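One structure is given below, encoded as structure tokens.
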Amino acid sequence: MESLSVRLEIEELIKKFSINRKEVFEVRKDQWKTILDHIEKHFLHKTHYTQDLHWGWNRLQEPYYALRFIEQPYKSVKEIIEDESIWFIAEDHNDKMWVYEGEKNIIFDKIIPELCHLDEYFLVSKKYEWLVCEDHHEIVHFSGEGIIHQAKKFELENESKIFK
């Protein structure tokens, strides 16, 4: 793919894998801002009015937890997340966030591993119960009691997959 745009990469992957637009789709232009605002309100400390999700993992509200995985993080995160339908928020150049809704398995199997220009991304419960972010250091940040419990359980059961 010739463009540096994560959004264009995602659109190309949807075409390449013939993904049904009901399985993964970009959130409508009249909805994405509200979704991002709710995510910021539920999960982040906003210390300046111009801040958004960019480097949001640095400002997570309690409770939060972080893990570093030995293999590509998305492989383990897929096992931790139980929801089948989630929001996938990909950061593009100039800190632009693209909001997608989709099936967990397609996002983890056909989108995330294929993206060349993805530095940071967020996965969020559609009920705002939890947030997961992989930062540009390949550290995974968890926010929300339920997902933290699942992450700690995964850590105990899979010690060989976690950096200590």
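Look at the stretch 128-155: where a residue is closer than 16 Å to I112 by Cα and a partner is open to solvent by less than 20 Å² (accessible area, probe 1.4 Å) and in a helix (DSSP H, G or I), sitting 6+ places away or on another chain with Cβ atoms under 7 Å, you get V132/V77; V132/I147; C133/G56; E134/P73; E138/P73; V140/P73; V140/V77. Of the residues in the stretch 119-139, none is open to solvent by 10 Å² or more (accessible area, probe 1.4 Å) and assigned to a helix (DSSP H, G or I).
The values are calculated or read from the model by the stated rules, or taken from the named source; none is laboratory data. Note that the structure is predicted; figures quoted are calculated from it, not measured. Positions of Cβ are generated from backbone atoms using ideal geometry, with glycine treated the same way; all protein chains shown enter the neighbour counts. All accessible areas refer to the heavy atoms of the entire protein, side chains included, with ligands and DNA or RNA removed. Shrake-Rupley method; radii C 1.70, N 1.55, O 1.52, S 1.80 Å.
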